[in-house]
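The values are calculated or read from the model by the stated rules, or taken from the named source; none is laboratory data. This one's a predicted model, so the numbers in the text were calculated from it and none came from an experiment. Here Cβ is always computed from backbone atoms with ideal geometry, including for glycine, and neighbour counts include all displayed protein chains. To get the accessible areas, we keep the full protein, side chains included, count just its heavy atoms, and leave off ligands, DNA and RNA. Shrake-Rupley method; radii C 1.70, N 1.55, O 1.52, S 1.80 Å.
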Amino acid sequence: MMIRKFLLMTLWAVWLPYAVLAQNSGNGIITGRVIDIQAGTPVEYANIILLDTATAKLVAGVVSDSSGLFRMNNVPMGTFFLEYSFIGYVRQRTKAITLTRKNPRLNLGDLPIAYSAVTMGEVNVTAERTTMITKIDRKVFNVEKDIMAQTGTVTDVLQTIPSVSVDMDGNVSLRGSENVTILINGRPSLMSGAANLEQMPASMIERIEVITNPSAKYRPDGTAGIINIILKKDRKAGINSTLGANFGDYGRFNTNLQLNYNSGKVNLYGSYGYRQDHRIRTSSLTSQTIDTATGNSTWLIQNSSGTMKPHFHLAQLGADWNVSSKDVVGISATYSYRVFNRSDVSANTYKDSALVPTEIFNRTLDGRENENGYGVKGYYEHTFNKEDEHLVKIDFEYQDDTEKEDDYWTNDYTLPAYPQSKDHSLATNRDQEINISVNYQRPLWENASLEAGYEGNIPLTTRDQQVWHQYADSAVWIEDTEQRNMFYANQAVHALYATVSWQWKKFSVLGGLRAEDAPTYLEFKTIDTTVNQNYFALYPTLHMGITSGKNEWQLNYSRRVNRPDGEDMNPVPEYRDPRNIFVGNPELKPEDIHSIEFGYSFKHEGLTVVPSLFYRYKVNGFSWVTHTENDTILVTTIENIATDQSAGLDLSGTWQIRKIAGINFGASGFYNEIDASNIGYSSHKAAWSWNAKVNASFSITKTTFFQFNGQYRSEVLTPQGFRRPTWVINLGFRQDFWKKKVSLIATISDLFNSQVWKTSINTPELVSESMRKRDARVFYVGFLINVGTSAKKSKEPKFEFDNGMDR
C-alpha cells in the first residue's frame, strides 16, 4: 500500500507544475505526409525537422507514422525550412514556410522523397539511420542497421533492447515481467513462441517496437506491454534484392534473401531465410527435500549435458496493389519449418539424511522435433480523403502450425543394480489461429479524431502425448495409459474498441475503452473433463501529454489482463522425467493488472533521454511453485498469488556524437513486492532488481563500423527464492565496399562466455540450487550484397503548399 501512495504522490507532484507552466505556449501546427516519389507509398519513420531560416537552429523534430503522416504541435510563430529524410533516400528541404497568429496551421500535403539511386538535382545523401528511436510510449529498434542482427536471431536482438531481458529458454521479459505479449506484424502469431524466436533470423526483421503502456486499440494481453516484430516488406521502386550469408564455428550457418519489384501501382515482395545452429547445454541441480515432521532429508545431485542442432526455414511472399488513389489491397503468405535433433545425458544421485547414496543412474535422451507452420493474410484499405485521416482497413489472417516431438530415453542404473529400461514419448500438437480486424478512423472536429474497430482472435489448440516403456526382459513397448495426455482448447477473444484524441495548445489527450468477451472451452480428453468459462471485462486507457519545444511529458494509465492458456490449466500430469512432474491448474484465474506510467522526453542536439516512472498492481498473478510429492518426486504447478506490485524507474536514450558514434543506452530499476500468503508463503516478500544495457556503434571511417553491446541483469525475486545476476558482452564489425553494395560482417556473441542462469529455492520443505548454461560464445563472419535498379529517374519535385489547409 505504501508503494502505491508514494508513487501516485510523486507522479502528481511532478506533473502539476508542468501543467501550470504549459498555459503560456504557442500553438502552431504543421502536418504532412512523406511518400516515396517512385512507388507512391508512404515512408514510415522518416525523420522530419524544422529549422529557423535566420539561424538554421533546430526548432522541432518528429518521426512519421506507419502511414507516412507527421504532425508538429506547438510550433512558434515564424519562418522556417522543413527537412525530411530517411535511410537510403535523399534528404529534402522545402522552401521557406511561415506561421502567423492569423494563420497558425499549415498542411504541407504529400512530401515526395526519392531513393538514393534516383537523381533529384543537387541533394545530399543522409547519414545512417539511428538504430533505435526512443519515444515516451515506445522504443523502435531498427534491426536493418544493427551489425549483430545480421548474424543473430530475433532473441539475440531482443536482448539488446533496453528494458527487455531473455532467459536461457528464450522466455522474454519486459521491465522484470515475463507476461509480455509478442506480436508479428501487429497481430498474434504462432511464430512468436520462444523456440521460433530463438531460431528466426534477425536479418529478416525490419524493426521491433516495444510499447509499454498501449492504448485501447491494442490487445490488453500481457502485464508489461507489447513487443511487435515487423518482418521486412521492401517498397523501393524498381527491382531490388539483398543477399546475406554468415558462417560460424561448429558448422553454424545462416543466409537470407529479400526481393521486391515495385512498378508504382503494384509491389511484389518475397524473402527466404535459413539458419543452421549448434548448441551445447549443461546444467546442474542440488536439492534437499525436508520432511518437516521428522526433520529427515533426501538429497538429489543432478548433472546434465546435451547438444541441439536446429535447422530453421522461414519464407514469405506477398503483393500490394494500388487499385485506385483511394483503395489498396494486399495478400501475403508465410511458411516456416523447424527441425532439430537433441541428445542429452543426465547423471542422477540420490542420498539420504546421512548423505549415503541410495540410488545412482544415468538417463540418456535421443530426440527429434519437427514443426511446420504456414499462414495467409489479406487486407483492404480505403481512404476517404487525400490526407489519409479518414479511412477504413480490414484485415484477415489464418495460421496453422503442427509439431511432432519424438523422444527416446534410456535408463542405466548403477545403484541398485536394476536392469536397463527405456521410455518413448511422442507428442503431436496442432495450433490454428484466425485473426479478423476492422479499423476505422476519422477526424471529429478541429484537433480531435476518432479511431474505432473490431478485433477477433480465435486460437484452436490440440495436444496429444503418448508414453511407452520397454523393460530389459522384453523387447515389447508397453503403453503407459496413465501418462496419456490429450486435450483441446478453444480460447476466443472478441473485442470492440474506441479511442478519441484531442489537442489543445500544449496538451494532448488520448482516451480509450476496449470491451472484450473471451469465451473459453477446454476439453481434457484423458480424464473426460471439460471446462467452460466466459470472461467479459472493460479495459480503459488514458494518455495525457504536454509538449514544450523539443521536450515532452506524458502520464498514462491502462488496465491489462493475462489469461492462462490450455496447457497452464491442464490437470493431467506431464512427466518431464520420472521424478519431475508438471501439473496444470484448472482453477487458474486471469491476471488483472493496473498500470500507470509517467515519462519525460528530453532532447538536446544529438542527445535524447527518456526517463519513465512506472507502477503495476497485479491481482491473481501467476507464479510457478514447486513442491515435493514424496521423498524423490518434485511437482511444479502454477498458482495465483494474492497480489504482486512493482514500481520503478526506466531510463533509455540515444546519443549521436557527430558522425563518429551512435549510442543507445537503457537502465531499469524496479522494486517488486509479492503477497503469496494465499498459497502458504510470505505475505510481504520484496526485492530491488535492475538491469542495464548499452549498444554503441562507431564509424571508424566512412565505410568501416564497429559495434559494442553490453548487458547486465541483477538478481530477480521469485515467490520461493530468486534468480542470480547475469551479464554478457557482444562485438560486431562491418566493412562496406562499392558504395555499400557489398558489406563484410564479423560478430562474436558472449565474448567472455559469461551467460549462466542460476536459481535458488529456499522454503521449509525444499532447498535447491540450480545452474544452466549454454555455449553462447559464437563467432560469425559473412557478407551482405545489395542490388537495386530504379524504375525510372525523375527531376527534382515541385512543392505546392496550401497554407490555409487544415488537417
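Could you work out [θ]222 nm for the chain from helices alone, using -39500 (n - 2.57) per DSSP H run of at least four and dividing by all its residues? Round to the nearest 500 deg cm²/dmol.
On the way: 4 runs with 33 residues, N = 807.
Here the helix-only value at 222 nm equals -1000 deg cm²/dmol.
If you take the square roots of the eigenvalues of the alpha-carbon gyration tensor of region 128-262 and sort them as a ≥ b ≥ c, do you get rounded (a/c under 1.5), prolate (a/b over b/c) or oblate? Taking the square roots of the gyration eigenvalues as a ≥ b ≥ c, region 128-262 is oblate.
With θ taken as phi - 60° and the Karplus curve 6.51 cos²θ - 1.76 cosθ + 1.60 applied, the whole-hertz 3J(HN,Hα) list for region 179-186 is 8, 10, 8, 10, 10, 10, 6, x Hz, x standing for glycine and proline.
Rounded to the nearest Hz, the phi-derived 3J(HN,Hα) couplings of region 205-211 under the Karplus curve 6.51 cos²θ - 1.76 cosθ + 1.60 (θ = phi - 60°) are 9, 7, 7, 10, 10, 10, 10, where x marks glycine and proline. Summarising the amide proton neighbourhood of Thr718: residues at separation of 5 or more, or on other chains, whose placed amide H is nearer than 5 Å comprise Arg723.
Using only side-chain charges placed at the Cβ, +1 for Lys and Arg and -1 for Asp and Glu, the dipole size of region 393-503 relative to its Cα centre rounds to 380 debye. Projecting the Cα positions of Pro112, Tyr539, Val43 onto the charge dipole of the chain (unit charges on Cβ atoms of Lys, Arg, Asp and Glu, taken about the Cα centre) puts Pro112 furthest along the positive direction.
Between Asp464 and Asp291, the modelled labels are 4.4 nm apart [label points 7 Å from Cα along Cα→Cβ].
Across region 388-405, the residues whose backbone nitrogen lies under 18 Å from the label position 7 Å along the beta-carbon direction of Arg430 are 398-405.
Given their separation in residues at 0.36 nm each and the Cα-Cα distance between them, Met77 and Leu651 gain 203.3 nm when the chain is fully extended. With a/c under 1.5 counting as rounded, go ahead and sort the chain into rounded, prolate or oblate using the C-alpha gyration tensor (a ≥ b ≥ c being the square roots of the eigenvalues; past the cut-off, prolate if a/b is larger than b/c, else oblate). Since a/c reaches 1.5 and a/b is larger than b/c, the shape of the chain is classed as prolate. Placing +1 on the Cβ of every Lys and Arg and -1 on the Cβ of every Asp and Glu, with no other charges, gives the chain a dipole of roughly 4180 debye about its Cα centre. The GluC sites (Glu not before Pro) of region 426-490 that meet both conditions, a loop assignment by DSSP and at most 13 other Cβ atoms within 10 Å of the site Cβ, are Glu446.
In region 619-708, which GluC sites (Glu not before Pro) are in a loop and have at most 14 other Cβ atoms within 10 Å, using DSSP for the loop call?
Numbers: sites: Glu629, Glu639, Glu673; in loops: Glu629.
Listed in order of number, the matching sites are Glu629.
Where Lys and Arg each count +1 and Asp and Glu each count -1, what net charge lies around Gly28 among other residues with Cβ under 10 Å from its Cβ? So the surrounding residues net to +2.
How many times 2.2 N^0.38 Å is the alpha carbon radius of gyration of region 150-201?
Relative to the 2.2 N^0.38 Å estimate, region 150-201 comes out at 1.06.
For Ala492 and Ala642, a Förster radius of 30 Å and the Cβ-Cβ distance give a FRET efficiency of 0.55, rounded to the nearest 0.05.
Starting from the Cα-Cα distance between Ser353 and Arg484, subtract it from 0.36 nm times their residue separation and give me the gain in nm to one decimal. Walk me through the numbers on the way to the answer.
Working: separation 131, 0.36 × 131 = 47.16 nm, distance 3.50 nm.
Residue separation times 0.36 nm, minus the Cα-Cα distance, leaves 43.7 nm.
Rounded to the nearest 20, the size of the Cβ-charge dipole of region 461-566 about its Cα centre is 1180 debye, with Lys and Arg at +1 and Asp and Glu at -1.
Across Asp366, Asp221, the residue with the most accessible area heads the list, and the full order at a 1.4 Å probe is Asp366, Asp221.
Once you keep just the Cα pairs under 8 angstrom separated by 6 or more residues, what percentage relative contact order results for the chain? The partial results should precede the final answer.
Values: 2335 pairs, mean separation 93.8, N = 807.
Relative contact order comes out at 12 percent.
The length gained on full extension between Phe247 and Val323, counted as 0.36 nm times the residue separation minus their Cα-Cα distance, comes to 23.0 nm. Inter-label distance, Glu587 to Trp502: 4.7 nm, where each label sits 7 Å from its Cα along the C-beta direction. Ordered from largest to smallest accessible area (heavy atoms of protein chains, 1.4 Å probe), the residues Arg563, Arg71, Arg514 come out as Arg71, Arg563, Arg514. Solvent-accessible area of region 374-487 (1.4 angstrom probe, protein heavy atoms only): carbon and sulfur portion equals 56 percent. Backbone amide hydrogens, once placed in the peptide plane, bring Asn296 within less than 5 Å of Asp291, excluding anything fewer than 5 places away on its chain.
In this rough spin-label picture, where each label sits 7 Å from Cα along the Cβ direction, the Leu415-Val476 distance is 3.5 nm. Just check region 598-660 against the gyration tensor rule for me: Cα atoms, a ≥ b ≥ c as the square roots of the eigenvalues, rounded for a/c under 1.5, and otherwise prolate or oblate depending on whether a/b exceeds b/c. Oblate, because a/c is 1.5 or more while a/b does not exceed b/c.
Listed highest first by mean packing, meaning other Cβ atoms within 10 Å per residue, what order do 619-625, 375-381, 411-417 come in? Numbers along the way, then the final one.
Details: 619-625: 19.1, 375-381: 17.1, 411-417: 12.7.
Highest mean packing first, the order is 619-625, 375-381, 411-417.
Ranking Ile745, Ala417, Ser215 by how far each Cα lies toward the positive end of the dipole of the chain (charges on Cβ) leaves Ile745 at the top.
With both bridge residues required to lie in the chain, what share of the DSSP beta bridges run antiparallel, to the nearest 5%?
95
Between Asp221 and Val561, the built amide H atoms are under 5 Å apart, and every one of these is 5 or more places off in sequence or on another chain.
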